[in-house]
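A quick write-up on the structure given underneath.
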Amino acid sequence: MNQALLDFISRCPTAYHTAAQVAARLEAAGFAPLQEGEKWDLTPGKGYYVTRNGSSLIAFRAPEGEGGFMIAAAHGDSPSFKVKENPELPGDNGLRLSVEKYGGMLCAPWLDRPLSLAGRAVVRTGTGVESRLIDFYQPVALIPNVAIHMNRKANEGMSYDAAVDMLPLYGGQPGTLRARAAALAGVEEPDLLAWDLYLYPTAPGTVWGEYVSAPRLDDLQCVFAALTAFLQAKPRAVPVLAVFDNEEVGSRTKQGAASTLLSDLLRRICGGEEEYRRRLADSLMLSCDNAHAVHPNHPEYADKNHTVRMNGGVVIKYNANQHYTSDGVSAALFRLICREAGVPVQLYANRADMPGGSTLGNIADATVSVNTVDIGLAQLAMHSCYETAGAADTAYMAAALTAFFGKRLQAERDGRYTLL
């Protein structure tokens with residue numbers, strides 16, 4: 001399974017490519033695309049998917065009986081550097097690119113690493129515009145470190161100025177970047193109207209011993225596991241797979257988890273507000289986003305009773321302030337599912353004096369209010385451009401989610417539920 005994961009990651013350098021790759025695998029399994037602006041005529045039991053902005057995707061099987069929504073949500077974006085519209089900066093020793101940070105990242109790992117560019121090009125057509133995926137594939141840039149001889153305090157702590165220290169050297173001549181992007185999009189340069197272009201490291205992922213290391217494990221490891229489970233499960237309710245963009249910058253975009261995308265889709269497939277509300281009461285959502293493994297060199301950063309380890313199974317994440325949505329009911333339901341599937345479960349909480357990050361669960365829950373549990377897989381170096389996780393854990397997550405999609409939840413009353 002790990003080689004399949006690494007192949008998937010290599011095909012997904014940006015959120016646009018992730019949505020396209022998920023869509024391609026869904027279509028190969030018989031799912032049909034839908035357009036938000038068209039009338040839907042759904043066949044019960046048939047699989048469909050919708051994209052928004054070319055970077056978020058939701059797939060589902062049309063209802064063919066009773067049962068609520070069994071939703072697994074993950075995100076397809078990762079921290080990176082976005083190339084600005086006027087990118088070329090002349091320098092004292094080569095051409096640089098003007099970029100800005102997307103999301104919160106560890107800056108140091110990006111230095112001295114071969115980088116490529118990928119994203120989407122928006123081109124002129126005969127009647128308007130069209131978005132096209134582009135990928136340079138080969139290394140075209142690098143962010144160089146300052147030599148130790150010129151910065152003797154480099155190993156004593158470093159503060160990185162994104163407008164100075166993190167500008168990449170571009171391996172091309174002035175005026176060529178836009179021309180190269182246009183050629184990849186299949187148009188002449190004047191017909192390239194705009195782009196959303198990001199740096200990504202070209203180093204491939206690898207399995208070493210009991211670990212797997214790769215770019216963008218957060219959160220493509222969960223996307224891959226959720227997609228695998230979604231395609232192989234035998235559903236008893238209404239399975240829904242959501243892959244959102246913009247989690248790394250707060251989700252508050254037209255295609256993010258804070259948007260109307262999920263609620264719009266669920267309402268439409270129900271055909272009426274009464275059915276939507278009834279199914280919603282019998283629903284469960286998993287917010288799938290990786291968790292912090294206890295660091296081998298710095299165990300002091302972890303809560304002593306909630307340390308999670310790579311290869312230890314699926315992690316349930318808790319936070320009293322609801323940065324993670326897991327509560328007694330949602331966590332208990334998920335633990336029952338994992339127990340039946342034979343999947344080990346770990347429990348994570350931040351140290352009380354070290355506030356952690358947040359994810360899309362509580363954000364999506366504000367518009368689609370269902371029992372939700374935040375889960376993930378333990379990893380090191382989250383938000384690095386090269387991360388590490390357990391080689392056994394992707395299979396654990398896929399097994400847990402396969403069991404989840406095969407369940408039906410029935411609300412007997414508030415606080416009392418039956419898993420069928």
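Residues of segment 281-300 that are under 15 Å from MET354 (Cα atoms) and among the charged types (D, E, K, R): GLU300 alone. Considering segment 142-157, the residues that are surrounded by 11 or more Cβ atoms within 10 Å (Cβ to Cβ) and within 18 Å of LEU106 (Cβ to Cβ) include one that is modelled with the lowest pLDDT, namely ALA154. Report whether or not SER159 is of a type in the set (S, T, N, Q), within 21 Å of THR18 (Cα to Cα) and out of contact with any Leu (no Cβ under 9 Å at 6 or more places or on another chain). Answer is no for this residue. I'd like to verify a number: residues in segment 224-256 that are surrounded by fewer than 24 Cβ atoms within 10 Å (Cβ to Cβ), touching a strand residue (DSSP E or B) at 6+ places or on another chain (Cβ under 8 Å) and β-branched (Val, Ile, Thr), how many? Qualifying residue count, segment 224-256: 1. In segment 176-196, is there at least one residue being assigned by TED's automatic domain parsing to the domain that holds ALA108, over 25 Å from PRO90 (Cβ atoms) and touching a Cys at 6+ places or on another chain (Cβ under 9 Å)? No, segment 176-196 has no match at all. Here ARG339 meets the list (1) touching a residue at least 40 places away in the same chain (Cβ under 8 Å); (2) over 19 Å from ALA74 (Cβ atoms) almost entirely, failing just condition (1).
What number of residues in segment 396-419 are of a type in the set (A, V, I, L, M) and outside any helix (DSSP H, G or I)?
Restricting attention to segment 396-419, the residues satisfying the condition of being of a type in the set (A, V, I, L, M) are 397-401, 403, 409, 411, 419.
Add one more test, that the residue is outside any helix (DSSP H, G or I), and what stays is 409, 411, 419.
The total comes to 3.
In segment 159-211, what residues are part of a loop (DSSP other than H, G, I, E, B) and under 16 Å from LYS101 (Cβ atoms)?
Step one: filter segment 159-211 for residues part of a loop (DSSP other than H, G, I, E, B), giving 159-168, 171-176, 186-188, 202-205, 209-210.
Hits for segment 159-211 are SER159, TYR160, ASP161, ALA162, ALA163, VAL164, ASP165, MET166, LEU167, PRO168.
Under the condition of being among the hydrophobic types (A, V, I, L, M, F, W, C) and either outside the structural domain of LEU177 (by TED's automatic domain parsing) or outside any strand (DSSP E or B) (or both), the residues counted in segment 116-144 number 2. Please tell me if SER259 is assigned to a loop (DSSP other than H, G, I, E, B) and crowded, with 18+ Cβ neighbours inside 10 Å. Yes, satisfied.
Regarding ASP7, is this residue more than 24 Å from ARG277 (Cα to Cα) and either of a type in the set (S, T, N, Q) or assigned by TED's automatic domain parsing to the domain that holds THR402 (or both)? Show your work before the answer.
Values: more than 24 Å from ARG277 (Cα to Cα): yes; either of a type in the set (S, T, N, Q) or assigned by TED's automatic domain parsing to the domain that holds THR402 (or both): yes.
When the stated conditions are applied, ASP7 passes them.
Just to check your reading of the model, which residue among ARG309, ARG268 is among the charged types (D, E, K, R), touching a residue at least 40 places away in the same chain (Cβ under 8 Å), assigned by TED's automatic domain parsing to the domain that holds CYS12 and in contact with a Phe, Trp or Tyr (Cβ under 9 Å, 6 or more places away or on another chain)? Walk me through how you get there before you give the answer.
Working: ARG309 fails: in contact with a Phe, Trp or Tyr (Cβ under 9 Å, 6 or more places away or on another chain).
That would be ARG268, the only listed residue that is among the charged types (D, E, K, R), touching a residue at least 40 places away in the same chain (Cβ under 8 Å), assigned by TED's automatic domain parsing to the domain that holds CYS12 and in contact with a Phe, Trp or Tyr (Cβ under 9 Å, 6 or more places away or on another chain).
Inside segment 156-173, residues that are without any contact (Cβ under 8 Å) to a residue 12 or more places away in the chain and among the aromatic types (Phe, Trp, Tyr) make up a count of 0.
Just to check your reading of the model, which residue among GLY186, GLY175 is at positive phi and at pLDDT below 95? So that I can check it myself, show each step before the final result.
On the way: GLY186 fails: at pLDDT below 95.
Among GLY186, GLY175, only GLY175 is at positive phi and at pLDDT below 95.
Within segment 231-248, being over 20 Å from GLY65 (Cβ atoms) and either in a loop (DSSP other than H, G, I, E, B) or at pLDDT below 95 (or both) holds for ASP245, ASN246.
The values are calculated or read from the model by the stated rules, or taken from the named source; none is laboratory data. Since the model is a prediction, treat every value here as computed from it, not as a measurement. Don't worry about glycine lacking a Cβ; one is built from the backbone with ideal geometry, like all the others, and counts go over all protein chains shown.
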